[in-house]
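Notes follow once the structure below has been shown.
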Amino acid sequence: MSALSRPEFHSEEAAFAHLESIVWADGSVCPHCGGLDRITKVKANPAKRIREGLWRCGDCKKQFTVKIGTVFEHMRLPLHKAMQAVYLMTSSKKGISAHQLHRILEITYKSAWFLAHRIREAMTSGELTPFGGNGGVVEVDETFIGHLKGVEKKRAFHHKMKVLALVDRDTGKARTMVVENVKAETLMPIVLANVAREARVMTDEHSGYRDMGKFFSAHGTTSHGKGEYVNLTDRSIHSNTVEGYFSIFKRGMKGIYQHCGEQHLHRYLAEYEFRYNNRAALGCNDTDRSVAAMQGIVGKRLTYKSTGERANG
């Protein structure tokens, strides 16, 4: 037996039952009229083209499945294969490529690529609670990856995509976003919107963070250019946690996905942020992560056209 031997990964009936137990934890609801009471399950009958997972609302007389109003709406793939993809993506620490999904699930590369982006959309949290409440420590750092289309390659990072990350040491959670540049006028408003004023902020010596001490209870820095990664006087002053987060992100992007267009980077960030925020160190196992991802499918839609040009990986 293996994790992928579970019924929901091989049977459409079990797959729908599993997803319904997650999305409709408080009972089935009609997505058309919001009805709760007169909901009846329609028995599947392939001979009469009655598909699995169908329900009927006695109030509005319309039929629906649990996929309506989620990122899986209008998905043509069997649901049990989508369940396998969710499990594979949430249990692979550095990610799994669309090419690998297409081979494992025996679907086309185009379908695997779009399915992976649907799942990344489900992983997007939208959490806005400020980090560092109650005087906690928040690490802030930026990194550079890939190559901006149409920008001449030069020394340093000007031709690369820019990413800002924050890690709350108390909760162990990360928050990431794509930024246009790493100037103070770009970084400071983002940090101010995502970090509580009573927090202690830790950064490296980058000039974009020079005014942090004016807005937060404390601002500790280390000079990476001088080989300093931990302050020897106060060892709580470092940004090694967020650097560790970036190491996982970069190993995955370079080793698994290899290339990412600028228009898709925010979804890949959501994927790595999701797995980091639901990791084993915080008490989440592979099954917990897959369930959390499926809880995130509700109220989100993604069309193939809206994903834009296909990328490698």
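The residue that is nearest to the chain's Cα centre (by Cα), counting only those in the range 25-81 that are outside any loop (DSSP other than H, G, I, E, B), without any contact (Cβ under 8 Å) to a residue 24 or more places away in the chain and surrounded by 13 or more Cβ atoms within 10 Å (Cβ to Cβ), is 63. With respect to the conditions (1) part of a helix (DSSP H, G or I); (2) exposed (fewer than 14 other Cβ atoms within 10 Å of the Cβ); (3) among the charged types (D, E, K, R), residue 243 lacks only one, and its number is (2). Scanning the range 155-185 for residues that are surrounded by 21 or more Cβ atoms within 10 Å (Cβ to Cβ), charged (D, E, K, R) and in contact with a helix residue (DSSP H, G or I) (Cβ under 8 Å, 6 or more places away or on another chain) yields a single hit, 175. Within the range 82-95, the set of residues being part of a loop (DSSP other than H, G, I, E, B) and open to solvent by less than 20 Å² (accessible area, probe 1.4 Å) comprises just one member, 95.
Per-residue answers, yes or no, for (1) out of contact with any Phe, Trp or Tyr (no Cβ under 9 Å at 6 or more places or on another chain); (2) open to solvent by less than 30 Å² (accessible area, probe 1.4 Å):
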residue: 104; (1), (2): yes, no
residue: 108; (1), (2): yes, no
residue: 119; (1), (2): yes, yes
residue: 126; (1), (2): yes, no
residue: 131; (1), (2): yes, yes
residue: 134; (1), (2): yes, no
residue: 138; (1), (2): no, yes
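On the stretch given as the range 254-289, residues that are farther than 11 Å from residue 123 by Cβ, of a type in the set (D, E, K, R) and assigned to a helix (DSSP H, G or I) total 4. Going through (1) outside any loop (DSSP other than H, G, I, E, B); (2) open to solvent by 30 Å² or more (accessible area, probe 1.4 Å); (3) in contact with a His (Cβ under 7 Å, 6 or more places away or on another chain) one by one, residue 8 falls short only on (2). Might you let me know whether the range 148-155 holds any residue that is within 26 Å of the chain's Cα centre (by Cα) and under 23 Å from residue 269 (Cα atoms)? So far as the range 148-155 goes, yes, one or more of its residues are within 26 Å of the chain's Cα centre (by Cα) and under 23 Å from residue 269 (Cα atoms).
Taken together, the criteria exclude residue 116 from residues that are within 30 Å of residue 231 (Cβ to Cβ) and small (Gly, Ala, Ser).
The values are calculated or read from the model by the stated rules, or taken from the named source; none is laboratory data. In this text, all values refer to a predicted model and were calculated from it rather than measured experimentally. We place every Cβ from the backbone using ideal geometry, glycine too, and count neighbours over all the protein chains shown. All accessible areas refer to the heavy atoms of the entire protein, side chains included, with ligands and DNA or RNA removed. Shrake-Rupley method; radii C 1.70, N 1.55, O 1.52, S 1.80 Å.
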